[in-house]
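The values are calculated or read from the model by the stated rules, or taken from the named source; none is laboratory data. Computed from a prediction, not measured in an experiment: that's the story for all the values here. FYI the Cβ positions are ideal-geometry reconstructions off the backbone, even for glycines, and counts take in every protein chain you see.
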Amino acid sequence: MSKKIFWIVGLVVICIVGVIVLTDVDQKSVVIDLEGQPFLGEESAPVEIIEFGDYKCPACKDFNDNLLPIINKEVVETGEAKFYFMNYSFINIDSNRSAQFAETVYQELGNEKFWSFHELLFSKQPDDLTFENVDLYTESFLEEVLAEVATEEETKTVMKAFGENEGKEAWEKDMKMAKDLGVSSTPTIFIDGKQFVGKTLKDFTDMVEEAAASGK
């Protein structure tokens, strides 16, 4: 089946202990503080799409590699929506370390470099990843990944800031937001404050179009 037709990745899943488990959610509108968050698209885009994800989650990698490019083309590049990424890193220490490192990249190098690093880091996720594996995303590994998209000087700047825990506060903000929203799965998607619980790409684009038409 084409991924452009069916939502192959279960967006409402829990990605833990190597098992993807469906979960029920209560659809309700919530307020999500997006100040200082990295995003794709035009700032003036009327609809806000937020992904809560974990860099060590295989379902998040699948979403990032296969579905985000379609979403970007269908609703972000058209100016209909902007797409945010927020951390819900819960698998193990690798999740927390990579999330805080990515936050540091964003703070020190800006939005564009963040997304380059974000995409590359997901592409580096091992195909045979298990949740019991730890210390795969070490500081040296993350530095090597960053060096592929940043200059030597930029990389040194990020490493210094990371060593000083500069990304920790932003990461903690994401984690608190995820907890407050009741997020328990990755990737979890919100569209203008409402959790997406559909199964097809059409469900997704319909929800975006409805949000754009409602004007919040």
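Only residues that are outside any helix (DSSP H, G or I) and either of a type in the set (A, V, I, L, M) or surrounded by 20 or more Cβ atoms within 10 Å (Cβ to Cβ) (or both) were counted in region 169-191, giving 8. Looking across region 198-215, the residues that are part of a helix (DSSP H, G or I), among the small types (G, A, S) and either free of Cβ contacts under 8 Å to residues at least 24 places away in the same chain or farther than 15 Å from I49 by Cβ (or both) come down to A213, S214. If the condition is being of a type in the set (A, V, I, L, M, F, W, C) and either within 10 Å of the chain's Cα centre (by Cα) or surrounded by fewer than 22 Cβ atoms within 10 Å (Cβ to Cβ) (or both), then region 40-53 contributes L40, A45, I50, F52. In the condition set (1) within 30 Å of M207 (Cα to Cα); (2) aromatic (F, W, Y); (3) touching a residue at least 60 places away in the same chain (Cβ under 8 Å), F117 is compliant with all but (3). Of all the criteria given as (1) in a strand (DSSP E or B); (2) surrounded by fewer than 20 Cβ atoms within 10 Å (Cβ to Cβ); (3) modelled with pLDDT under 95, the one not satisfied by G10 is (1). Answer with yes or no whether A170 is out of contact with any Lys or Arg (no Cβ under 9 Å at 6 or more places or on another chain) and modelled with pLDDT of 95 or more. So A170 passes the test. There is at least one residue in region 185-197 that is at negative phi and either touching a His at 6+ places or on another chain (Cβ under 8 Å) or charged (D, E, K, R) (or both). Considering the conditions (1) closer than 23 Å to P58 by Cα; (2) not in a helix (DSSP H, G or I); (3) not polar (S, T, N, Q), E166 is excluded by exactly one of them, (1).
Condition check ((1) closer than 22 Å to L34 by Cβ; (2) in contact with a Cys (Cβ under 8 Å, 6 or more places away or on another chain); (3) at pLDDT 95 or above) across all residues:
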| position | (1), (2), (3) |
| --- | --- |
| N66 | no, no, no |
| E74 | yes, no, no |
| F83 | yes, no, yes |
| Y88 | yes, no, yes |
| I93 | no, no, no |
| R97 | no, no, yes |
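I need the full set of residues from region 150-163 which are free of Cβ contacts under 8 Å to residues at least 24 places away in the same chain and part of a helix (DSSP H, G or I), in order please. Those that are free of Cβ contacts under 8 Å to residues at least 24 places away in the same chain and part of a helix (DSSP H, G or I): E152, E153, T155, K156, M159, K160, G163.
Let's see how each residue does on (1) surrounded by fewer than 21 Cβ atoms within 10 Å (Cβ to Cβ); (2) part of a loop (DSSP other than H, G, I, E, B):
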{"residue": "G36", "(1), (2)": "yes, yes"}
{"residue": "Y55", "(1), (2)": "no, yes"}
{"residue": "A59", "(1), (2)": "yes, no"}
{"residue": "T78", "(1), (2)": "yes, yes"}
{"residue": "D94", "(1), (2)": "no, no"}
{"residue": "S98", "(1), (2)": "no, no"}
{"residue": "V105", "(1), (2)": "no, no"}
{"residue": "F114", "(1), (2)": "no, no"}
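Taken as a whole, region 144-163 holds no residue that is among the acidic types (D, E) and under 19 Å from the mean Cα position of the chain (by Cα). Looking across F52, F39, one residue alone is under 17 Å from T186 (Cα atoms) and modelled with pLDDT of 95 or more. It is F52.
Number of residues in region 189-216 that are of a type in the set (V, I, T) and in contact with a Phe, Trp or Tyr (Cβ under 7 Å, 6 or more places away or on another chain) equals 2.
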